[in-house]
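This report concerns only the one structure given below.
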Amino acid sequence: MTDRNRPTTVGPAGALGRRLYLLLLALVFVAVFATAQAGRDPWHTLFVDPLINFLVLFNNVLLGQFGLAIIFFTLFMRLVTLPLTIRQFQSTKAMSAIQPRVQEIQKKYKDPKRRQEELMKLYQEAGVNPLGCLMPMLIQFPVWIALYRALIVLVGGVPEAVVDLSQHLYPWSYLYSAIPLEQHFLWLNLGRPDATFVLPILVGVTTYLQQKVSTAGSTATTPEQQQMNQTLNLMMPLMFVWFTLAVPSGLGLYWLVSNVISVGISYFVYGKRGIDWRRVLLPFPEPAATARGAGRPTSSRRGDHERRRRGKR
Amino acid sequence: MMALLAGLSLLATACAAAATPRGWASPVVSQGQLYVSLEAGRLSAYEVGSWRFLWRFPGQNDSKVRPQAIYGGPVATADAVYFGGYDGNVYAVDRAQGGLRWRFKTDGPIIAPLALDESSGTVYAASDDGRVYALDSRDGTLRPGWPFRTDGSIWARPLLDGNTLYVASMDGKLYALDAISGRKLWEVDVGAGLVSNPVLADDTIVVGAVDRRLYAVDVSSRRLKWPSPPRADNWFWAEPLVVGDVVYAPNLDGTVYALSLADGSVLWTFAAQNPVRARPLLMGQVLVVVDREGIVYGLDAATGSEAWGRQDLLRRVLADPTPVDDQVLIVAHDGNVFRLDPDSGQVQRLDLPRP
């Protein structure tokens, strides 16, 4: 395979990238240790509080419109973590590019050990790390959690939450002028769940689109995986609808904006032709489409079981 | 699978911490009855001493009445009890039976305690919608000339002094209004959201702000009295207590300040373990302070030294403690009630009967 035909190299495979990750990790560890030594809660001091203050700052810059602050802050955070997100999507895309060969190997080698060896060889040859999409996600994970915590403190709305907020704001009078935060945005009261069902439905629809589009480059290799993907594609949006009905609308607004941005990034990474919109919009893929690239229809569970049984012999 | 796990974790985090209004109304004793909110959005009445249960509002049959939460302690007359609900309504409840007399809807949650002028039969309610309403205490009708509108939410109790109503708003201004007509007499712009209940003493209004300062406004000159208002590390949310020429002001940074009313100079400070939102209470020479995590302190009012050992209620406390005879009632955020002997510092749980 020439370099040109190779799929994009992804993951922290590059030595520089790996060093940067390690450096970042070391810095975080040192900061956590120093904060704990100073008798402060590292999680809030290093992660949650800066985000809270940043959000309040956005609120003030955007003329006290906290809804706008959430939207722009989400955009900002997604921009900051964009390299990681793109890397994650590229990893998925690269894995997808070698799927025909993966399936060939799976067809050709019935012995699991040999099959695994051949797959590893293929990954090495293609310069693809099968776990490459995990690392960027793991790094983003604490940021998401911290962002959630920050939003919850801010959009709590109730006076008890404002008492708690007082413990997180930095001593800067410009920030205090935002208190209490304006809770109304469009038809929403950001501190309360949206009783009109509009936001929960929007969050559900965009979560579905985001799920489908972000996995547009990937192909289920087994019927089990395909079934799991289908279940996830339906379960996740429903779960988010349910949660949006229960949590403050400010959090729902964050999910909505974040989903829309994810769809945009997927479009950017996979390109116009990389996304099969028909497949995206169908909740259940047509049988022939499930093994795109492999050229074989979906096998039934029973058939798959039969093949495994024969393989054992 | 990772996405699913991530989603589930985030959602669990989000939902575990979603805030619901609970209220922090301080208990009020009036004419032998105790009015206290032990559950979110409900006000109960007890006979003081025997602690016999009298009524609860809203009752079992008031399914359409939902105050959600009560943040301001009620005010009572001989025949009615008034309070503001987080649902934005001002409620008037029959003192004998606990039935609804009337209610008046404002455009925002009511967090501030109400003010009552018994002589004119007027209830003053400040709302989060930024307005102050003057209501006829008999039927809840709005008095002519009202409401008065400010440019920020109002979370502090309107302060009535004669014919003047003082209103501290989150827009950073202290307003003086004609209590009858609702006309603005004057205003002082502090420049930071005023969050604590204002207190009037010796022609001076003392009020806490979110810029971490405590302000004193001279009512006669309509100017700030202290040349350099004392600054803490957090907000002065607790209602200050003024006794003689000393101001006792707890702060959300966990410090209790004793200040000179004359010039705002610090007389002494006491460091509590946690932020303090509840108003302090002076019982004899002992200043009773309760911090947010339920630790009770008895301080020598003259020096700030501890008069007795700290008592830990092991419960969050945001409501102001209330004197009942020679004891102090403390209502925790979970609805548990405690009785404190301010002389010895002994705390006992008071099991109020519930319907």
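The values are calculated or read from the model by the stated rules, or taken from the named source; none is laboratory data. All figures in this text were calculated on a predicted structure; none of them were measured in a lab. Using ideal geometry, Cβ is built from the backbone for each residue, glycine included, and neighbour counts are taken over all protein chains shown. These area figures cover heavy atoms from the full protein model, side chains too; ligands, DNA and RNA do not enter into them. Shrake-Rupley method; radii C 1.70, N 1.55, O 1.52, S 1.80 Å.
Normalised per residue, the accessible area of the stretch A:35-285 is 45 Å², obtained with a 1.4 Å probe and no contribution from ligands, DNA or RNA. Provide a list, ordered by number, of residues in the stretch A:175-216 showing at least 40 Å² less accessible area with every protein chain present than when their chain is taken on its own, using a 1.4 Å probe. Residues of the stretch A:175-216 that lose at least 40 Å² of accessible area once the other chains are added: A:Tyr176, A:Ile179, A:Pro180, A:Arg192. Entry note, chain B: relative contact order of 9 percent, from Cα contacts under 8 Å with a spacing of 6+ residues.
If you average the alpha carbon positions of the stretch B:26-93 and of the stretch A:63-92, how far apart do those two centres end up, in angstrom? Going from one Cα centre to the other spans 47 Å. Close amide H partners of B:Trp102, meaning residues 5 or more places away or on another chain with modelled amide H under 5 Å apart, are B:Ala92.
Normalised by the number of residues in the stretch A:35-285, the mean separation of alpha-carbon contacts (under 8 Å, six or more apart) gives a relative contact order of 27 percent.
Restricting attention to chain B, lysine pairs at least eight places apart or on different chains and with alpha-carbon atoms under 30 angstrom apart total 6. In the stretch B:231-251, burial by the other protein chains removes 50 Å² or more of 1.4 Å probe accessible surface, compared with the chain on its own, from B:Trp235. Of the beta bridges DSSP finds with both residues in the stretch B:289-355, what % are antiparallel, to the nearest 5? Close to 100 percent. Shape analysis of the stretch A:20-131 yields a ratio of the Cα radius of gyration to the Kirkwood radius, Rg/Rh, of 1.22. Residues considered: B:Ala40, B:Ala156, B:Ala168. Largest GNM mean-square fluctuation over chain B, using C-alpha springs under 10 Å, is found at B:Ala40. For the stretch A:26-102, applying the loop criterion from DSSP together with a ceiling of 13 other beta carbons within 10 Å to the trypsin sites (Lys or Arg not before Pro) yields A:Arg40.
The alpha carbons of the stretch A:35-285 stretch over 68, 48, 28 Å along the principal axes, in descending order.
Taking a straight line from the alpha carbon of A:Lys93, these aspartates and glutamates sit under 20 Å away, with near neighbours fewer than eight places off in the same chain left out: A:Asp3, A:Glu104, A:Glu125, A:Asp276. With the largest listed first and rounded to whole Å, the semi-axes of the equivalent ellipsoid of the stretch B:28-108 from the Cα gyration tensor are 20, 13, 12.
Between the stretch B:104-138 and the stretch B:255-296, how many Å separate their Cα centres? Cα centroid to Cα centroid, the span is 29 Å. Surface composition of the stretch A:28-171: carbon and sulfur make up 67 percent of the accessible area, probe 1.4 Å. The A-B contact accounts for approximately 3400 Å² of buried accessible area, totalled over both chains at a 1.4 Å probe radius. A Förster distance of 45 Å, applied to the separation of the beta-carbon atoms of B:Leu142 and A:Ile201, puts the FRET efficiency at 0.70.
Sorted largest first, the principal axis extents computed over the alpha-carbon atoms of chain B equal 58, 55, 51 Å.
Rg and Dmax of the stretch B:81-201, based on Cα coordinates, read 13.5, 45 Å. Taking all protein chains into account, the per residue accessible area for chain B stands at 37 Å² (1.4 Å probe).
Considering every residue in A:161-172, what mean count of other chain Cβ atoms within 10 Å of its Cβ is obtained? Walk me through the numbers on the way to the answer.
Numbers: counts 5, 7, 9, 5, 1, 11, 8, 0, 4, 0, 6, 1.
Taking the mean over all residues of the peptide, I get 5.
Accessible surface of chain B, 1.4 Å probe: 44 percent of it comes from carbon and sulfur atoms.
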